[in-house]
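So the structure is just underneath, and the comments pick up after that.
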Amino acid sequence: MQRDVVARMGWVGADGLVLVYALAPMLWLLSLSLKGAGTLGDQSFFPRDPTLENYRSLADTDFVRPLINSLGICLISTAVALLLGTMAAYAIARLRFPGKRSIIVLAALAATFPQIALVIPLFKLESSLGILDTWLGLVLPYVTFALPLTIYTLSAFFNQIPRGLERAAMMDGATPYQVFRKVFVPLARPGIGTTAILVFIACWNDFIFAVSLTSPDGARTVPAALADFTGTATFERPTTAIAAAAVLITLPILAVVLAFQRRIVTGLTAGAVRG
Amino acid sequence: MSASSGDHESLRIARSRAGARKRTERRLGLLLCAPAAIVMLLVVGYPLLYAGYLSLFRADLGTPEANTFVGLRNYVTVLGSPIWWRAFGLTMFVTVVGAALEIVLGTLLAVVMHRTIVGRGLVRTAVLMPYAVVSVVAAFSWRFAFTPGVGWLVGDSAPLSQRWPAIGIIVLAEVWKSVPFVALVLMAALTLVPQELTRAAAIDGATAWQRFWQITVPLIKPAIMLVVVFRVLDAFRIFDSVFVLTGGVDGTASVSLLAYDNLVKGLDLGIGSTMAVLILITSAVLALSVLKLVDALLPGSGRDE
Amino acid sequence: MAEVEMDHLVKRFPNGRYVVADLSLTVADGEFVALLGPSGSGKSAVLEMVAGLEDITRGELRFDGEVVTETPPWERDVAVVFQSPALYPHLTVAQNIAFPLRLAGTGRTESATLVRETADLLGISAHLDRLPGTLAAGQRQRVAIGKTLVRHPKVLLMDEPVANLDVRLRGQMRSLIGDLHTKFCTTTIYVTQDHTEAMALSDRVVVLRDGVVQQVGTPTELDTRPLNLFVAELVGDAAMNLLPATLEGESVVSGLGTFALPPAVRRASERSPGNEVVLGIRPGDLELVGSDEDEALVVSVQLDDVVSVGSQTTLHFTVPNRGAPSPRSLPPGFSVPVAGTAATARISGPCSERAGSRVRLRVDLARLQIFDSGSGLNLSAPP
């Protein structure tokens, strides 16, 4: 009994540490965003006189366009990556064909590729193609970097579907394509949903392509916009404004994480552990 | 035809014949992979070759008419530059120290998440925050936390404007964001370790550490190797947090940031491309040596099955 | 429905192993043929070749005279019931049954009608809206059968469809399969390891061993005239008693006694070089007789055990190894225990005898089987 209580207290302590670790930086930003000009310099972790003034002033800044850019670019990239990635993942998980290994290697290379090595030639190429600073200009690299993630995660999901189902479907008269389209895609729907979340988070996160391939008045996305954020008043230090904007763009992600916690964990680890 | 040649013939057929089913399957496999493969090849492969090509030219966007073939002169310039080597050293430092801390803390966190008897769901959800939060947002949080007169983690000193404290904060930001990913992958691997094994070893008198090192670690070694390689390569391309925390001043630039500066500020595509190629080569070398190193350091064979 | 012709089918693995060696078999339109053999005998490979799931290494496969050797499975119009029912876990029972119709482009209303009729026939109408995961094993297999029924395929293949069910369900499902065949007369090839299934259901049985056909015949033919020891061992309600014996003149001498040879065996034995044989007696061909009868065909044995299962009683006894051949001369797989050979007799009805008592058994001479101990060939069957 005694030992049980001690063990419990030990775990409560450990859990508490983990919670502080995981949440403190975000709570600090939240606290900053609620501080007024008067309390900004108090260096206190908690706001003493919380105000929503910073959020109100965000409305006057040009923060809406990057938000739309981010949403649009990430949604398109996620959709394209999932469309192409689902097809490739199924082929890799369930079909026998020559060149499968090369595709797996290609995906592994793309996944670990230093983005900066791509930024410079991509910058030149996109400017000569006239798609620099456009949605398409970001969708291209986003899809490319999302594809390996999609392929690895989804082929782990496809692998979990019992063997022999494709044989049964063929004997029901399904061609290999129909086996994919009418049996496996519907079956993998939860996995596809999970992968979509992961891919969206990854795109939403990108900074290096956004800051290199877009301009503040063009297709700039939220993370890049945040970095060149100056606030409304020129001489006001933008700290609180940035904090407010940062909290604002974190909220949707927080909602997604809370809603799909279990599935994100499964998806995140599926490719690594079973693949 | 003699019996043995018939035998031989049927064996040849058995090895080579692909029935209608196999042929269709092959065709479908290639067809389904083609779009993804083409996109990856075009967007990664083509610019890569282009970078290799550009690195042999003086390609200054400011003076496009003066672009000429310079051979390996860009490489000589970059490799002879102390700025490059300082960035390279810093990036390697962040990579090695960061990845090492991430693996150790990640393993600890994985064990806590795997074994805790209270609030397991809460812990697992909370841990997703660092992973999901936009890295620029997180970097701002650290920057403000260490901004003199504002931050809760400093007094009036300005650690971000001193080289080594700034590097420490860069490592902190990197580690904070990546530990959960490491921990989640390792936790998932841990749940696949059959409990009977560790229990049997406990009965045989193995200490907790022996059980962990000699049974659990070899079993989750493939996952560890994967996560280490992935983390090392990801840490090596560090960019976002350096950009936000210090902007790369005072000798805190990473190689990615340096290459970026050459593009955006210097508009020098030739030098930028040269750095891109060098970064890529280092990446490949890192991947291979990390695989070897981890395989040698940890007990158990590297390949499962 | 169609006639299936397998013309010198060969299946080899790339490692060179023969899975099926030169199989020729014609299954008539509407016929029910069982492929019987132990695991690894190649019966499933035959089925997969007919289904199109495996390549045919050599030979030709024809449905109604049309060559389908190279036709992909989805164009063959062949349906398969697998050992473990492969249902689509995300579709309801009704959607599962309708799936082949959906692929074939059958209209919604027509398909709904067909599904309802099929479900009625199989007794699963109450479960049409459930997901396969919530069904019991027997019900799942019914759904799998339903999937094949709705399409009226040219050929129906069944790969040990009842093997995964418990004994009670197995009987039910077996009679259901029999009834459905009577009703629809679909050309059926049924793969099984269980001879009772094969005997109960089929018009003809094909016995396979290591990819080679041992015998093709009606259940009665297999039972009364097994062509060799392998078939004799595999087929029959109870394992055949196999006793080492020798041929001496016009009689066969075994531990159980000396019996006169039937004329056919006498002729065959003249052709056969050795005189060491295996004497086969089905347990059902031994009859319990009273002590007053005393003829050459009656033998006396001491019972080791008496096992009664309702209407049938099995008497266990040991036959001493008198006049037995040396173990070396027996076909592979047969060994002679030192104490003698365990044997059984099966009699109908209850039995008052107990273990330890001596009883007298009459041997049905006409049904004795005599196998050459070298080749295992049945000497008493017509060549």
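The values are calculated or read from the model by the stated rules, or taken from the named source; none is laboratory data. Note that this is a predicted model, so its numbers are computed, not measured. Neighbour counts are summed over all protein chains in view; Cβ atoms, including those assigned to glycine, are modelled from backbone coordinates with ideal geometry.
Quick notes on this structure:
Conditions tested, residue by residue: (1) among the β-branched types (Val, Ile, Thr); (2) surrounded by fewer than 22 Cβ atoms within 10 Å (Cβ to Cβ).
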position	(1), (2)
C:154	no, yes
C:160	no, yes
C:175	no, yes
C:182	yes, yes
C:190	no, no
C:213	yes, yes
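- Meets criteria (under 22 Å from residue B:244 (Cβ atoms), touching a Gly at 6+ places or on another chain (Cβ under 9 Å), within 9 Å of another protein chain (Cβ to nearest Cβ) and not in a loop (DSSP other than H, G, I, E, B)) for residue A:151: no
- Scanning segment B:50-69 for residues that are farther than 18 Å from residue A:119 by Cα, in contact with a strand residue (DSSP E or B) (Cβ under 7 Å, 6 or more places away or on another chain) and within 13 Å of chain A (Cβ to nearest Cβ) gives a single hit, B:67.
- Residue, nearest to residue B:115 (Cα to Cα), within segment A:1-53, restricted to residues that are in contact with a Pro (Cβ under 7 Å, 6 or more places away or on another chain) and touching a residue at least 12 places away in the same chain (Cβ under 8 Å): A:31
- Looking across segment B:177-209 at every residue that is of a type in the set (Ser, Thr, Tyr) and within 29 Å of the chain's Cα centre (by Cα), the one that is modelled with the highest pLDDT is identified as B:178.
- One residue alone among C:60, C:75, C:70, C:66 is at the interface with chain A (Cβ under 10 Å from one of its Cβ atoms) and acidic (Asp, Glu), and that residue is C:75.
- Subset of segment B:19-37 [modelled with pLDDT of 85 or more and more than 9 Å from chain A (Cβ to nearest Cβ)]: B:23
- Scanning segment B:159-175 for residues that are surrounded by fewer than 18 Cβ atoms within 10 Å (Cβ to Cβ) and not in a helix (DSSP H, G or I) turns up at least one hit.
- Looking across segment C:78-100, the residues that are closer than 14 Å to residue C:48 by Cα and in a loop (DSSP other than H, G, I, E, B) come down to C:82, C:83.
Residues are listed down the side, and each one gets a yes or a no for (1) over 30 Å from residue A:158 (Cα atoms); (2) among the small types (Gly, Ala, Ser); (3) in contact with a strand residue (DSSP E or B) (Cβ under 7 Å, 6 or more places away or on another chain):
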position: A:6; (1), (2), (3): yes, no, no
position: A:23; (1), (2), (3): yes, no, no
position: A:34; (1), (2), (3): yes, no, no
position: A:38; (1), (2), (3): yes, yes, no
position: A:43; (1), (2), (3): yes, no, no
position: A:59; (1), (2), (3): yes, yes, no
position: A:75; (1), (2), (3): no, no, no
position: A:80; (1), (2), (3): no, no, no
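- Of the numbered criteria (1) surrounded by fewer than 18 Cβ atoms within 10 Å (Cβ to Cβ); (2) at pLDDT below 85, the one residue C:381 fails is (1).
- Selected residue (only one of B:10, B:16 is at pLDDT below 90, under 30 Å from residue C:52 (Cβ atoms) and surrounded by fewer than 19 Cβ atoms within 10 Å (Cβ to Cβ)): B:16
- Positions within segment C:11-21 being under 17 Å from residue C:60 (Cβ atoms) and within 10 Å of another protein chain (Cβ to nearest Cβ), in sequence order: C:11, C:12, C:21
- Only helices (runs of 4 or more DSSP H) whose full extent lies in segment B:70-152 are considered here, and the ones with at least 3 residues that are at the interface with chain A (Cβ under 7 Å from one of its Cβ atoms), surrounded by 15 or more Cβ atoms within 10 Å (Cβ to Cβ) and out of contact with any Cys (no Cβ under 7 Å at 6 or more places or on another chain) are B:120-132, B:135-145.
- Condition check for residue A:181: within 30 Å of the chain's Cα centre (by Cα) and basic (Lys, Arg): yes
- Among the residues making up segment A:117-159, those that are buried (at least 24 other Cβ atoms within 10 Å of the Cβ), of a type in the set (Gly, Ala, Ser) and more than 21 Å from residue A:68 (Cα to Cα) are A:117, A:155.
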